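Structure first, commentary second.
The values are calculated or read from the model by the stated rules, or taken from the named source; none is laboratory data. Because the structure is a prediction, the values reported are computed rather than measured. FYI the Cβ positions are ideal-geometry reconstructions off the backbone, even for glycines, and counts take in every protein chain you see. Surface areas here come from the heavy atoms of the whole protein model, side chains and all, with no ligands, DNA or RNA. Shrake-Rupley method; radii C 1.70, N 1.55, O 1.52, S 1.80 Å.
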Amino acid sequence: MNRRKEVTADAAGPGVDNSAPLVLPMGGPVHSRNYGIDFLRCLSMFFVVLLHVLKWGEAGNLANNTLGTPNYAVSWFLELSAFCAVNSFALITGYVGVRVPHRISRFINLWFQVFFYTVGITFLFKWLMPGSVNLKGMFQAFFPVLRMAYWYFTAYAVLFFFIPFLNTLIRSLGRESAKWLCLLIFIIFSLLATISGNEDWLSHGGYSAIWLGCLYVAGGCISHFQLWSTLKRPAFYYLLCCLLATAGMLAWDYLPFRQGISEKLFAVYTAPFCCLCSFFLLQACARMRITSRAAIRLISLLAPFSFAVYLIHSNPLVWHHVMKGRFAVLQDSPWYIMAAGALGISLGIYLACSMIDSVRSVLFRLLHIRELSVKLEAVLSKLKQWILRSIPS
């Protein structure tokens, strides 16, 4: 799959189990769960789906709208407002991960989910659409990480094994050092990367374990030291960044420069406005005080399915044979119908994938996959100890 077309992952990061950790609100009591973070998980995955609805394939909305039309402006506003989703996932991974024990069983359980959907979807297409999958594709389905079926999960798989060391680093810092480290990450990996004009500079435009690691450290520092917790109106600043990024994109497109340069400035994960949007969105959601029982039940119901929404709707076979160019018809509608259609279709995909994963969740409980993951963790821990004892000190 073209990496620019695929966005992703789960917001407590893959690797942070939805049922286990308590997440501190910004400045809140230790015993309460921060449902604002769970809400951000759901919102970010909805944003991922929206990105794909707007830009999937050569026939996507953004590729076919005309510069200067309301549809073009509104499409790019929606796109740039949602583009921070992947960064938000990685920030939340650090925000939560620095506070909870590092358990290999969580990663194993996630791997089982990825395996279930890559193999299941592959054989489903082999059965329903003969010729859509060859023998090589069927074989590769059994190795989702090595063949990079989902770039985010592959990058996260690399990051996961370094998380204990990153947590130790974060906890060893002083408050001012942590703040400076966050600023250095932004300056070097965002500002300088953008100025260089090469989106692959250092972090490959954000499609790498290096970038996820940077965001993990930033999210962990923000959580552990409650950095910028006194910042007022972060939601306003998020919206302001979205508007400024859209204005910059539209203005740049009118300039007689090389086509496509505006996307490198604004529609890249490492772009400054994208990074700022994810930071302000994290701050806004972390401070939310959700007290409505109905809202808490809804968030608690949907949040665990977020990762599966990513796995199902962005699977390469689903993309090529079901989704690609499917929503280009929206471009011919008035801007308000186009916007409502894109948002409605994204919500429909999100809910449909969540319903599918509810079945998978029941199946995994019947098969005791979580218990199997814990047993495999014990085996791997013994293997680790054996390796360490076998290597001369």
The chain - accessible surface per residue (Å², probe 1.4 Å): 46 Å²
Reachable lysines, given that their alpha-carbon falls under 18 Å from the alpha-carbon of Lys324 and they are not under 8 places away in the same chain: Lys5, Lys55
Global form of segment 75-132, assessed from the alpha-carbon gyration tensor, a/c cut-off 1.5: oblate
Heavy-atom accessible surface of the chain: percent carbon and sulfur, 1.4 Å: 70 percent
Listed values (1) 165; (2) 126; (3) 152, entry calculated as volume of the Cα convex hull per residue in Å³: (1)
Most to least accessible of Leu372, Leu302 (protein chains only, probe 1.4 Å): Leu372, Leu302
For segment 79-141 and segment 251-308, distance of Cα centres in Å: 20 Å
Cα gyration tensor, segment 84-240 - rounded (a/c under 1.5), prolate or oblate: prolate
Largest-first ordering by accessible area, 1.4 Å probe, given options Leu330, Leu243: Leu243, Leu330
Which of Phe162, Val100, Ala141, positive extreme of dipole for segment 99-239 (C-beta unit charges): Val100
Gain upon complete extension [Lys232, Lys375; 0.36 nm per residue less C-alpha separation]: 46.9 nm
